[in-house]
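Notes follow once the structure below has been shown.
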Amino acid sequence: MSGARSRPTCRRRLAASLGLVACVLWAVVVGLRTPVALAEAGPPSAPASSNEPSADAGVATSSSSAGRMPSEEDVPSEWLPPGSKASPVPSEEIFPPQTIAIRFDHAAHLGLGVKPKLACPTCHGKALSSDSARDRLLPNPVVTCDPCHGTSHRDLEQVRPGSAADGQCPSCHLGKDAGRDGLVTRFVLPRPNLRNSHRKHLARNIGCAQCHGSVEKIGLGTRQQLPRMSGCFVCHAMSGPARGEARGPCITCHLVAPGGRLQTTFATGRLVPPPWLHGADHGSGWAIGHRRQAAANSAMCANCHTEQFCGDCHDGKVRPREIHPGDWVSMHPIAARQDNPRCVSCHQLQSFCADCHRRVGVSRDGPSESRLGGRRFHPPAAAWSAAPRGAEHHAWEAQRNLNACVACHSERDCATCHATKGLRGGSGVDPHPPDFDAGSAYARNPRPCLVCHGPNDRALRR
Amino acid sequence: VSLPGGGNATGHGRTRPPRRIGLRLALPLAAGLLVALAPRDAVAADVEVTGDVVAQSYEVRGPWGDVVLGRRRLGTTVGLFVYHLQGDYQPLEADYSARLMMRMDADYGIDGAEASYGGPNSTRFVPGLELAPLDVLYGYVEGRHLWDGWFGFRVGRQMVTDALGWWSFDGATVRLTTPWVVQVEAYGGLEQRGGLPLSSSRYEAQGVWRGSRSQLGGAPEPYPSFQPADRAPGFGVALESDGPNWIHGRLTYRRVYNLGSATTGQFPLSGQYPEMSGTRISQDRLGYAMSAFLPGVGGLRGGFAYDLYNMLVSQAQGAVDVHLGSRVTIGADIDYYVPTFDADSIWNWFVHDPSTTVQARAAVRPLSRLDLSASAGVRLWSAAGDPTTFAAQQCAAVGATDPVALERCLALGLDPVSEGVHQAGQALEKERTNVVPDIIATLGAGYGWGTGQASLRGVGELGVPTSGVYRGRRVGGELGARQAIDGGRYWLGGALNLYEWDDPLRAGRETTSFGYVLAPEYVPAEFARVRLEWEHDMNELVGNRFRLLAVVHLQVLR
């Protein structure tokens, strides 16, 4: 399937392959890519109702990555929901992008001075009894708009405008020729992907502003006023009696997939932890850095991942390219010497490493047929193993990185010199550190001592 | 000879075949529990079946460039899962499930002689090598949130991941969750070990070559280092926080025992290999890890593992994150690591020193779909003594007290077992610690555009010539991309990688590696995915290397 090439041949092949592959990748990345506008829009979100037309071309979608609404304004940070400092925009996976095709000013309405005074429940009364995040909590225009604006939304196929200027369709609705020949642009409000009960929160005296910020001071309410997880943690991360019923497990609020783990795949993307959550930023540095989180809180990982997800790399039978890139077979000795602690996090040295080393002849106890005469993996014996102990002597490398030695050698290789003279068959080269004291080790497991020392060795009685 | 732990050292060369008591007990126990927990009435449980078939073909070259192994691997993984055995599922309410994942990893490139002892070509035999090992990755019955959330359990083959690493055993776990911000976990069973039925060696402690000696007829010769696998009982307890989400900690303790016989002497005595038997420690460790964060401000993570057998801290790590706004995170990490081994291994008692890694890192998200990360730092390898002057000092030190040894030094025929030389060396080792640094750096980037993604990974590992020691370098990176076609029915992926590296362990090991990958993918149905991967790597030392990979993934949920 392959063969060794001379260097010039290899260089020509390398240059040709480089050009070929560059072309292919260019085609992959650029040529086959869908138009930017389509791609940026992402997968379609579920509309508010099945008969809703898509938003007009002139109406921007309210999302963190798209254009701004005509009436959207910069909301001062102090009016945003709690937690907005850590998460300036709400998650698109939890709250998919919306199209809010209306002109509305919360501050102006709440400041009208009408009696009784307007409050959130005046228009969003359904929230008081809502037990599901999927409930529609928008105002019913028949009740909340028509009495003042003189309009009639009773039949949505035959909406009648009011007589005053603020009763005309375009005064509130967007859309080309809204209310005349054209249709008003309808809302696109995908349902949020979480579990929530407004009723329970309100019953515990949690006001609207504690999750939605100061809506009464802003104009149009957009996704900006939707809750942030770090804001939820104000209550859901408390301990003891202060926490009350605000439980902390992720499945308290997040949707659950079969198996009890969180649903992480949505039309708008893949749900990953925010960077601030226990440092679990699943960005481009995560493959290397995730071990600390796994050691500290594997239960958190298990909220989303099965054992097999870990096993695919850590106990997998396919080389993970993210960790071991191309030509790894050639380069792995360098990593084994320079980054060995990471090797043992996935590989058992005596089986995974040494088994292959034995088969290819990079091991003293490998099959005799694979150990070709005259070939030596290590530097010459005069430098590598003979005394006096020079700078290239194996002892230094063994001290720095004993795992690398163990990946190829079995204990017999070491015992040849390091076992005691006589019955144990060694040369008596003491491998112990200065002032060695095994403590109770012999009593707890005498086996390693007996490899190099006879059972009656005086050294074992110390 | 009477030994601590009630064992015996004998001169007999035969070992008993591994016993199967653990498996014989575990299987009926698991089956009994499954039956006991099975719902009495018909309920609507969710059933999931997954299957992966991975075929790979590639060749492995020896360090001199010649093809020495032809790999023809076929891996098959089958998963069977039944969720919500109790019927209706309510989050945070009592929930039962059963999960099983099995795997066969066959390599048809294995030469028959490599796995068969005593044949005409037994010069290629490698103990423990199996043509098509079958193992159970995990298989357990689990109950969660029982007794108003107080109690949970798992029975069967399962994994534990914490500050002590990744570990697998056949047994049971019980978890008591209290309302006082803490939960208690206790587990016990038999460690999963290679050489036992349906097991792999992945979870064993390092340092011991174990497996079934049945191919060898049980005799240690000619592989006295290849120890017979036997059951290994172990247990552990953990205290874990279960309170405020902003802080989490887990204190954990685990002990594993080795049972059965082991060959001790590596060379025969009167034609026989010494061996011993008895209950003895395999590993005995205590660990703690914690993490805490403040949204928008930063976080801390840290932990350690203390090896009670070796009486040393085998691992410690710490990390600090600081969030500069919502798009930038900077941080620093420190890792301390000392190799430790199974208590059956001799290497615990060899001189070896810690390595310490210190890194600074940064992660930036300039756009919601673009993230960048970078890290840089130094890894410090230590050894007792000064390699450049050690030999001369050793000779000089011996010369003052041992004229005979000095004479040998001058002739460069120093007897390493001379007591005087050894003592001189030990004295020198106490004097100073030599530290060799390696510079390490990584670079990462990811960009997604809805129907595809691109990534860049770069790495630099640079040995610094210090004290005459140069440990090599590896610098390069990989650029990859993946694009959906026809609404995700097809995917096309590709990658380019370029690395420049130098392996100074042997002369002439300095070259540039270049490779590319082409990976088309087809999604014929929601439950199926087929991927092909063609990889072509080349460097001047070994020429061209190819790998062909085919993956079929099936997943059905009812």
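The values are calculated or read from the model by the stated rules, or taken from the named source; none is laboratory data. It should be emphasised that the depicted structure is a prediction, and the values quoted were computed from it without experimental measurement. So basically every Cβ, Gly included, is an ideal-geometry build from the backbone, and we count neighbours across all protein chains shown.
Pairs, please: C-beta under 9 Å, at least 6 apart or cross-chain, first residue more than 17 Å from B:VAL136 (Cα to Cα) and in region B:92-107, second of a type in the set (S, T, N, Q)?
Going by the 9 Å Cβ cut-off, the qualifying pairs are B:LEU92/A:THR252; B:GLU93/B:GLN86; B:ALA94/B:GLN86; B:ASP95/B:GLN86; B:TYR96/B:GLN86.
Going by the structure shown, is B:TYR117 in contact with a Leu (Cβ under 7 Å, 6 or more places away or on another chain) and among the hydroxyl-bearing types (Ser, Thr, Tyr)?
yes
Given the options B:ALA484, B:ALA550, B:ALA507, B:ALA495, name the one that is small (Gly, Ala, Ser), surrounded by fewer than 18 Cβ atoms within 10 Å (Cβ to Cβ) and assigned to a strand (DSSP E or B).
That would be B:ALA550, the only listed residue that is small (Gly, Ala, Ser), surrounded by fewer than 18 Cβ atoms within 10 Å (Cβ to Cβ) and assigned to a strand (DSSP E or B).
Counting only residues that are in contact with a Lys or Arg (Cβ under 8 Å, 6 or more places away or on another chain) and surrounded by fewer than 20 Cβ atoms within 10 Å (Cβ to Cβ), which one in region A:413-434 is farthest from the other protein chains (Cβ to nearest Cβ)?
By that ranking, first place goes to A:ASP413.
Which of the residues that make up region A:414-435 are out of contact with any His (no Cβ under 6 Å at 6 or more places or on another chain), under 15 Å from A:PRO448 (Cβ atoms) and modelled with pLDDT of 85 or more?
Hits for region A:414-435 are A:CYS414, A:ALA415, A:HIS418, A:ALA419, A:HIS432, A:PRO433.
Which condition from (1) under 19 Å from the mean Cα position of the chain (by Cα); (2) more than 9 Å from chain A (Cβ to nearest Cβ) is the one that B:GLN315 breaks?
Only one criterion in (1) under 19 Å from the mean Cα position of the chain (by Cα); (2) more than 9 Å from chain A (Cβ to nearest Cβ) is unmet by B:GLN315, namely (2).
Among the listed residues B:LEU479, B:LEU428, identify the single one that is among the hydrophobic types (A, V, I, L, M, F, W, C), under 17 Å from B:PRO387 (Cα atoms) and modelled with pLDDT of 70 or more. I'd like the intermediate steps shown before the answer.
Details: B:LEU479 fails: under 17 Å from B:PRO387 (Cα atoms).
Testing whether each residue is among the hydrophobic types (A, V, I, L, M, F, W, C), under 17 Å from B:PRO387 (Cα atoms) and modelled with pLDDT of 70 or more leaves just B:LEU428.
Being crowded, with 18+ Cβ neighbours inside 10 Å, within 8 Å of chain B (Cβ to nearest Cβ) and either over 20 Å from the mean Cα position of the chain (by Cα) or of a type in the set (Lys, Arg) (or both): is that true of A:GLY289 here?
Taking the combined requirement at face value, the residue does not satisfy it.
Which condition number in (1) buried (at least 17 other Cβ atoms within 10 Å of the Cβ); (2) touching a residue at least 60 places away in the same chain (Cβ under 8 Å) is the one that A:SER129 fails?
Condition (1) is where A:SER129 drops out.
Quick one: would you say B:VAL53 is more than 29 Å from A:HIS332 (Cβ to Cβ), part of a strand (DSSP E or B) and more than 7 Å from chain A (Cβ to nearest Cβ)?
In short, no.
I'm checking my understanding of the structure. Among residues of region B:202-233 that are of a type in the set (S, T, N, Q), assigned to a loop (DSSP other than H, G, I, E, B) and in contact (Cβ under 8 Å) with a residue 60 or more places away in the chain, which one is nearest to A:SER410 (Cα to Cα)?
B:GLN206
For the condition at pLDDT 85 or above, crowded, with 18+ Cβ neighbours inside 10 Å and either assigned to a loop (DSSP other than H, G, I, E, B) or aromatic (Phe, Trp, Tyr) (or both), what is the one hit in A:GLY326, A:GLY231, A:GLY260?
One residue alone meets the criteria, A:GLY326.
Only residues that are in a strand (DSSP E or B), over 22 Å from B:GLY318 (Cβ atoms) and within 13 Å of another protein chain (Cβ to nearest Cβ): list them for region B:234-257, please.
Result: B:ARG255, B:VAL256, B:TYR257.
Go through region B:145-168 residue by residue and tally those that are assigned to a strand (DSSP E or B), away from every other protein chain (no Cβ under 13 Å) and either under 24 Å from B:TRP246 (Cβ atoms) or among the aromatic types (Phe, Trp, Tyr) (or both).
Count: 2.
Would it be correct to say that B:GLY156 is at positive phi and among the small types (Gly, Ala, Ser)?
Spelling it out, B:GLY156 is indeed at positive phi and among the small types (Gly, Ala, Ser).
Please specify each residue of region A:384-404 satisfying the condition of being facing another protein chain (nearest Cβ under 7 Å) and assigned to a loop (DSSP other than H, G, I, E, B).
A:ALA387, A:PRO388, A:ARG389, A:GLY390, A:ALA391, A:ASN401
Which condition number in (1) closer than 30 Å to A:ALA395 by Cα; (2) facing chain A (nearest Cβ under 7 Å) is the one that B:PRO465 fails?
So the condition that B:PRO465 fails would be (2).
In region B:510-547, what residues are among the aromatic types (Phe, Trp, Tyr), under 30 Å from A:ARG376 (Cβ atoms) and surrounded by fewer than 17 Cβ atoms within 10 Å (Cβ to Cβ)? So that I can check it myself, show each step before the final result.
In the first step, residues of region B:510-547 are kept if they are among the aromatic types (Phe, Trp, Tyr); the result is B:514, B:516, B:522, B:527, B:534, B:546.
Narrowing the set further to residues that are under 30 Å from A:ARG376 (Cβ atoms) leaves B:514, B:546.
Of everything in region B:510-547, just one residue is among the aromatic types (Phe, Trp, Tyr), under 30 Å from A:ARG376 (Cβ atoms) and surrounded by fewer than 17 Cβ atoms within 10 Å (Cβ to Cβ), namely B:PHE546.
Quickly run through region A:175-212 and pick out the residues that are at negative phi and modelled with pLDDT under 85.
A:LYS176, A:ALA178, A:ARG180, A:ASP181, A:GLY182, A:LEU183, A:VAL184, A:THR185, A:ARG186, A:PHE187
All but one of (1) in contact with an Asp or Glu (Cβ under 8 Å, 6 or more places away or on another chain); (2) within 7 Å of another protein chain (Cβ to nearest Cβ); (3) not β-branched (Val, Ile, Thr) hold for A:GLY311; which doesn't?
All conditions are met except number (1).
Could you check region B:474-498 and list, in sequence order, the residues that are facing chain A (nearest Cβ under 7 Å) and within 25 Å of the chain's Cα centre (by Cα)?
Passing the criteria: B:ARG474, B:GLU478.
Looking only at region B:434-449, how many residues end up being without any contact (Cβ under 8 Å) to a residue 60 or more places away in the chain and either of a type in the set (Asp, Glu) or at the interface with chain A (Cβ under 9 Å from one of its Cβ atoms) (or both)?
Residues of region B:434-449 without any contact (Cβ under 8 Å) to a residue 60 or more places away in the chain: B:434-437.
Filter again for either of a type in the set (Asp, Glu) or at the interface with chain A (Cβ under 9 Å from one of its Cβ atoms) (or both), leaving B:434, B:436.
Summing the residues that are without any contact (Cβ under 8 Å) to a residue 60 or more places away in the chain and either of a type in the set (Asp, Glu) or at the interface with chain A (Cβ under 9 Å from one of its Cβ atoms) (or both) in region B:434-449 gives 2.
Do we have any residue at all in region B:287-295 that's among the hydrophobic types (A, V, I, L, M, F, W, C), surrounded by fewer than 17 Cβ atoms within 10 Å (Cβ to Cβ) and in a strand (DSSP E or B)?
Yes - at least one qualifying residue is present in region B:287-295.
Mind listing just one residue for me: the one in region B:231-280 that is closer than 16 Å to B:VAL160 by Cα and of a type in the set (Lys, Arg) and, of those, surrounded by the most Cβ atoms within 10 Å (Cβ to Cβ)?
B:ARG254
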